[in-house]
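Take a look at the structure below.
The values are calculated or read from the model by the stated rules, or taken from the named source; none is laboratory data. In this text the structure is predicted, and so the values were computed from the model without any measurement. We place every Cβ from the backbone using ideal geometry, glycine too, and count neighbours over all the protein chains shown.
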């Protein structure tokens, strides 16, 4: 039940945000079917509210609805991955190049790097991936734009789905732990243009790794068909 100060639409939007966050954290795998009964019970909401949230996420391309088969987590296409990285280079590199080195988001950058280092030490590669998402979200926060923050949250969820199709998270995430350390050291030293250039190279390399591994996965399993 919702009150006059907590309308149904606001509740469904919050639930959509919660499911989106679970995708970013790698809790839902691409292609995974979502049970209305299980999710509505665990989130303590009605099925109608959950269906509204599903509709929001389907429009964003994060979920897929099939008649008589229900709702499942979407599988990004190669074209979508290419577009994601194009947008990332446009937004992240500019945000870093034009940032104030003592911006409040600096603390979140450092926290994300420290979290990734701890997760790497413990062999928690899904945790490393989540810390990496938080690091890049903090880079966008340097631009001080709520519109960019919201758009980037949606984009990161799609990116995490692409990562989720790869069988070796250590191979995927390990190179970028030290890369993030280098980026924050350049940023904190006030070397913003150098940091932005390094980030551009980093994203090109990441895109190549993801596309190559994803293409192999599609070839082996037909997942992209």
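Can you find a residue in the stretch 29-46 that is under 20 Å from residue 150 (Cα atoms), surrounded by fewer than 18 Cβ atoms within 10 Å (Cβ to Cβ) and touching a residue at least 12 places away in the same chain (Cβ under 8 Å)? Working first, answer last.
So the first thing to find is which residues in the stretch 29-46 are under 20 Å from residue 150 (Cα atoms), and the list is none.
No, the stretch 29-46 contains no residue that is under 20 Å from residue 150 (Cα atoms), surrounded by fewer than 18 Cβ atoms within 10 Å (Cβ to Cβ) and touching a residue at least 12 places away in the same chain (Cβ under 8 Å).
I'd like the full set of residues that are in a helix (DSSP H, G or I), out of contact with any helix residue (DSSP H, G or I) (no Cβ under 7 Å at 6 or more places or on another chain) and farther than 14 Å from residue 111 by Cα, limited to the stretch 179-205.
Result: 197, 201, 204, 205.
From (1) surrounded by fewer than 18 Cβ atoms within 10 Å (Cβ to Cβ); (2) at pLDDT 85 or above, pick out the condition that doesn't hold for residue 3.
In the conditions (1) surrounded by fewer than 18 Cβ atoms within 10 Å (Cβ to Cβ); (2) at pLDDT 85 or above, residue 3 misses (2) alone.
Assuming residue 15 fulfils every condition listed in (1) surrounded by fewer than 20 Cβ atoms within 10 Å (Cβ to Cβ); (2) assigned to a helix (DSSP H, G or I) apart from one, which condition is it?
That leaves (1) as the condition not met.
Residues to consider are 135, 163; find the one that is assigned to a helix (DSSP H, G or I), closer than 27 Å to residue 72 by Cβ and in contact (Cβ under 8 Å) with a residue 40 or more places away in the chain.
Values: 135 fails: closer than 27 Å to residue 72 by Cβ.
Within the list 135, 163, the selection yields 163.
Out of all the residues in the stretch 61-70, is one or more assigned to a helix (DSSP H, G or I) and out of contact with any strand residue (DSSP E or B) (no Cβ under 8 Å at 6 or more places or on another chain)?
Here is the first cut: in the stretch 61-70, the ones assigned to a helix (DSSP H, G or I) are none.
Checked the stretch 61-70: no residue is assigned to a helix (DSSP H, G or I) and out of contact with any strand residue (DSSP E or B) (no Cβ under 8 Å at 6 or more places or on another chain).
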